[in-house]
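> Handing you a structure now.
The numbers here are math on the coordinates, done by the rules we state, and not lab data. Quantities reported herein were computed from a predicted structural model and do not represent experimental measurements. All Cβ positions, glycine included, derive from the backbone under ideal geometry; neighbour counts span all protein chains shown.
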């Protein structure tokens, strides 16, 4: 099948959204489809540099649209341009995370999958998007709504007429980690190397990490990721000798960092902000969790409903109340036990391998496409 993945995200980018899109294009091509990523490449990088940046194979083609200015009007224009390209190329199927793009494509008679990572009413420009989404539901060529968490699925079923449409729960995913890679070795004398990887927006656990760094002289804490402004902000409160900020690391280099850690932290708070300032804690399916699981390392994560959909306390992770710092301290102290770390890491890796690779995700979504469209 020839698939057009339609995006309005600039490439390359540091956002989780852009990583998700590139990995899904790779996965769809990996299970045998001919994939075209259609959207803006505002930095005008060579395709191979983009593939290298995201550590994906070049098995799909990137087709640039003609409108790189991505403000509101620009994004709308980009949607029309992208759909027109699909029509000109006579592709079989569209996959997109943009509801307006999905609406335009379905209206034009193109078989379409719309993937939602935040319920429409909780997203930016929600009123306008809700109008387009309700119209989208009426088109026969809108084939499938993909959501990333059980709570999102329930929300859509409770609030929209989806009785005639397929809704697929497909949590986020990760690539397998090459466990034979040489891990990064960290130059300090602490017995436990503790890593946090990802963006450091509001709600990502600064207070938790600060408390642990202050109380745990047996551990060294590594913050991998974040833009310059947020790093400066975090450094003001994490001025400890046992904290190191590594800054942004390209996705292609992250596996070696993960393998060098003994413990990985996911201290999400109850108000988790995205780059756009929206709280996604109820709906999220964090890429970070799956990437941690793929590394086979012990994980300490927040005990939140969305996390419990993925991890089980004392089976493949230790889960802690986001507000109870003593629970985090107790868990980290317990993980000085190498046998416990090994057990949790192995169990997490096993569950990942069974359910959470990008190709598993792509197979699940494409397996729901009606036979007449294949």
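> Once the Cα atoms of helix 150-159 and of the chain are each reduced to a long axis, what angle between those two axes, in degrees from 0 to 90 to the nearest 10, is obtained?
Taking Cα atoms only, the helix is inclined about 40 degrees.
> Here is a follow-up. Where the centre of each part is set by its Cα atoms, how far does the stretch 236-267 sit from the stretch 103-166, in angstrom?
Cα centroid of the stretch 236-267 versus Cα centroid of the stretch 103-166: 37 Å apart.
> Can you tell me which of 81-87, 163-169 comes out highest on packing, and rank the rest after it, using the mean Cβ neighbours within 10 Å? Please report the intermediate quantities before stating the final value.
Values: 81-87: 19.9, 163-169: 13.9.
Highest to lowest by the protection proxy: 81-87, 163-169.
> Could you check the simple spin-label distance between residue 52 and residue 138, using points 7 Å along Cα→Cβ, in nm with one decimal?
5.0 nm
> Then there is this: Please determine, in degrees from 0 to 90 and to the nearest 10, the orientation of helix 338-355 with respect to the longest principal axis defined by the Cα atoms of the chain, where the helix direction is its Cα long axis.
Tilt relative to the chain: about 10 degrees.
> State whether the stretch 206-258 is rounded, prolate or oblate according to the following rule on the C-alpha gyration tensor (a ≥ b ≥ c being the square roots of its eigenvalues): a/c under 1.5 gives rounded; otherwise a/b larger than b/c gives prolate, and the remaining case gives oblate.
oblate
> So, one more: Which shape class, rounded, prolate or oblate, goes with the chain when its Cα gyration tensor gives a ≥ b ≥ c as root eigenvalues, a/c under 1.5 marks rounded, and past that a/b bigger than b/c marks prolate?
Since a/c reaches 1.5 and a/b is larger than b/c, the shape of the chain is classed as prolate.
> Nearest 10 degrees is fine. How inclined is helix 16-30 to the longest principal axis of the chain, computing both from alpha carbons?
Here the helix axis deviates by roughly 70 degrees.
> What number, rounded to the nearest 500 deg cm²/dmol, is the helix-based mean residue ellipticity at 222 nm of the chain, given -39500 (n - 2.57) per DSSP H run of at least four residues and division by all its residues? Each step should come with its number before you reach the end.
Numbers: 14 runs with 147 residues, N = 374.
After summing the helix terms and dividing by residue count, I get -11500 deg cm²/dmol.
> Next question, about the same structure. With the Cα gyration tensor of the stretch 192-355 giving a ≥ b ≥ c as the square roots of its eigenvalues, does the rule (a/c under 1.5 for rounded; else a/b larger than b/c for prolate; else oblate) give rounded, prolate or oblate?
Rounded is the answer for the stretch 192-355, as its axis ratio a/c remains below 1.5.
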